[in-house]
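The values are calculated or read from the model by the stated rules, or taken from the named source; none is laboratory data. Just so it is clear, the structure is predicted and the values come from calculations on it, not from any experiment. Please note: Cβ atoms are built from the backbone with ideal geometry, for glycine as well, and neighbour counts cover all protein chains shown. These area figures cover heavy atoms from the full protein model, side chains too; ligands, DNA and RNA do not enter into them. Shrake-Rupley method; radii C 1.70, N 1.55, O 1.52, S 1.80 Å.
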Amino acid sequence: MKIFEFVRPADAQAASAAAALASTAQQDADVRFIAGGTTLIDLMKLNVETPARVLDINRLPLDKIESTPDGGLRIGATVRNSDLANHPTVRRDYPVLSQALLNGASAQLRNMATTAGNLLQRTRCMYFRDTAMPCNKRAPGTGCPAIAGANRTLAVLGTSEHCIASNPSDMCVAMAALEATIHVQGPKASRTIPFADFHLLPGNTPHRETVLEPGDLITQVELPAPIQGSKQLYLKLRDRASYEFALASAAVVISVASGKVTHVRLALGGVGAKPWRSQEAEAALIGQPADPANFRKASEAAMRDAKPQSQNGFKIELAKRCLTHALQMAVAS
Ligand SMILES: Cc1cc2nc3c(=O)[nH]c(=O)nc-3n(C[C@H](O)[C@H](O)[C@H](O)COP(=O)(O)OP(=O)(O)OC[C@H]3O[C@@H](n4cnc5c(N)ncnc54)[C@H](O)[C@@H]3O)c2cc1C
Ligand code: SF4
């Protein structure tokens, strides 16, 4: 790990101003915020991240979970994953988020990991984490060895010829289905970003993962008011029962009246280059009878554009079964 300067900004504006001096907020940023450190420190030890300045945001007043006047919930950037998962309002009104968080990492990691840090966790692609290997995401223009190499855990949706990395977050899958909004303090002004617009697809710039610019500090994530009477569920399929990333996962928010689907939001994890909201699957279900045949049709629609690589073709059927089963479990709950 190279020598770096460690700074504690006094407030969000000072943090944003200090980070605005960076040349980028993407891969190779020379200034980084640190929250729980469970992604950043790992990558610094591997020399994948080499910031010259690290800005500690843990003392900023961003650790609250508060109700909003319109019945939603505002979650501070430094709220720990374990606190968020176990918050009574989250457990009652947003169980899909609580379940997704509790399916992630380990208890120790969840006690450190924060809301904003989870939004920005990096891919687990093995080539990205090994500086002896080429990788377009880490070192643009060097190539993507995963395409002809170890790609069993990587993405089948939203990939490009330059990068097939999967987004590893569980929390983000639930937030995509809940249609969260991300609040950002920039160097000149604050702004909000709809969750669907926050992460970028790799295209020919896989080193650009989000729309964040230098100086952008995530301050809160806001959830809209829960859909009254909706059923919610997060289902994660992985190689072992804990402490493992998803091969495929599904977040479901669904309402059914008189046997028909009246509201549905669906997102997939483990299979997409970003947390994967499937409006195709939602469109296939809305107004239809809530039965296994239609759940399977929706799952087929979700994976219609999937592109398998040499080792991860199994994920397509796995994701379909995951979503079908999650829908069945949600409506039966
Ligand atoms: C062994 C292991 C297993 C794991 N398993 C899972 C799993 O199964 N599922 C899962 O979802 N996750 C898993 N994780 C990932 C874990 O959830 C993330 O490491 C964690 O959420 C990151 O949060 P953090 O606060 O520690 O982030 P940090 O490491 O502090 O920061 C991560 C990134 O976010 C940036 N950042 C942090 N806060 C802000 C802010 N407010 N504004 C702008 N930028 C910010 C940092 O600069 C950095 O680039 C695992 C991690 C490990 C190490
Ligand atoms: S899949 Fe993406 S992260 Fe992995 S080696 Fe290829 S470019 Fe790098």
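When the residues of the stretch 195-210 are filtered to those that are over 15 Å from W276 (Cβ atoms) and open to solvent by 40 Å² or more (accessible area, probe 1.4 Å), the one that is farthest from ligand 1 (Cβ to nearest atom) is N204.
Annotation: of all residues in the stretch 86-109 being touching a Lys or Arg at 6+ places or on another chain (Cβ under 7 Å) and outside any loop (DSSP other than H, G, I, E, B), the one that is farthest from K236 (Cα to Cα) is S98.
Taking the stated definitions as given, is T131 open to solvent by 50 Å² or more (accessible area, probe 1.4 Å), touching a residue at least 24 places away in the same chain (Cβ under 8 Å) and over 19 Å from F33 (Cα atoms)? So T131 passes the test.
Only one of A105, A132, A85 is within 15 Å of ligand 2 (Cβ to nearest atom) and out of contact with any strand residue (DSSP E or B) (no Cβ under 9 Å at 6 or more places or on another chain); which? Give the derivation first.
Numbers: A105 fails: within 15 Å of ligand 2 (Cβ to nearest atom); A85 fails: within 15 Å of ligand 2 (Cβ to nearest atom).
That would be A132, the only listed residue that is within 15 Å of ligand 2 (Cβ to nearest atom) and out of contact with any strand residue (DSSP E or B) (no Cβ under 9 Å at 6 or more places or on another chain).
Put simply, of A281, A306, A319, A330 the only residue that is among the hydrophobic types (A, V, I, L, M, F, W, C), in a loop (DSSP other than H, G, I, E, B) and touching a strand residue (DSSP E or B) at 6+ places or on another chain (Cβ under 6 Å) is A306.
Within the stretch 31-64, the set of residues being open to solvent by less than 20 Å² (accessible area, probe 1.4 Å) and among the polar types (S, T, N, Q) is empty.
Report whether or not T68 is open to solvent by 10 Å² or more (accessible area, probe 1.4 Å), hydroxyl-bearing (S, T, Y) and touching a residue at least 60 places away in the same chain (Cβ under 8 Å). Yes; evaluated as a whole, the condition is true for this residue.
Can you name the strands (runs of 3 or more DSSP E) wholly within the stretch 1-78 that have at least 2 residues being closer than 26 Å to N111 by Cβ and within 11 Å of ligand 1 (Cβ to nearest atom)?
On the way: elements: 5-7, 31-34, 53-56, 65-67, 73-76.
Counting at least 2 such residues, we get 31-34, 53-56.
Scanning the stretch 36-72 for residues that are among the small types (G, A, S) and more than 19 Å from R124 (Cα to Cα), we see that the one that is nearest to ligand 2 (Cβ to nearest atom) is A52. The set of residues in the stretch 178-205 that are out of contact with any Gly (no Cβ under 7 Å at 6 or more places or on another chain) and small (G, A, S) comprises A180, A189, S190, A196, G203.
For the stretch 213-270, enumerate the residues that are polar (S, T, N, Q) and either buried (at least 24 other Cβ atoms within 10 Å of the Cβ) or outside any loop (DSSP other than H, G, I, E, B) (or both). Steps first, answer last, please.
Of the residues in the stretch 213-270, the ones polar (S, T, N, Q) are 219-220, 228, 230, 232, 242, 249, 255, 258, 262.
Residues satisfying the conditions are T219, Q220, Q232, S249, S255, T262.
Condition first: among the β-branched types (V, I, T) and within 16 Å of ligand 1 (Cβ to nearest atom). Now tell me which residues in the stretch 159-173 satisfy that. Reasoning before the result, please.
Of all residues in the stretch 159-173, those among the β-branched types (V, I, T) come to 159, 164, 173.
V173, the sole residue that qualifies.
Close Cβ contacts (under 7 Å, 6 or more residues apart or on different chains) running from residues in the stretch 202-219 that are over 28 Å from P61 (Cα atoms) to residues that are within 11 Å of ligand 2 (Cβ to nearest atom) and outside any loop (DSSP other than H, G, I, E, B) comprise P202/S160; P202/C163; G203/S160; N204/S160; P206/C163.
When V184 is tested against (1) over 16 Å from the mean Cα position of the chain (by Cα); (2) in a loop (DSSP other than H, G, I, E, B); (3) over 21 Å from S310 (Cα atoms), only condition (2) is not met.
Select from the stretch 136-173 the residues that are β-branched (V, I, T) and open to solvent by 40 Å² or more (accessible area, probe 1.4 Å) and write down the one among them that is nearest to ligand 2 (Cβ to nearest atom). Residue satisfying both the conditions and the ranking: I147. Of the residues N118, N103, N111, N81, which is within 11 Å of ligand 1 (Cβ to nearest atom), surrounded by 20 or more Cβ atoms within 10 Å (Cβ to Cβ) and more than 23 Å from T210 (Cα to Cα)? N103 is the lone residue from the list that is within 11 Å of ligand 1 (Cβ to nearest atom), surrounded by 20 or more Cβ atoms within 10 Å (Cβ to Cβ) and more than 23 Å from T210 (Cα to Cα).
Taking L120, is it of a type in the set (A, V, I, L, M) and near ligand 2 (Cβ under 7 Å from one of its atoms)?
Numbers: of a type in the set (A, V, I, L, M): yes; near ligand 2 (Cβ under 7 Å from one of its atoms): no.
Against the criterion (of a type in the set (A, V, I, L, M) and near ligand 2 (Cβ under 7 Å from one of its atoms)), L120 does not qualify.
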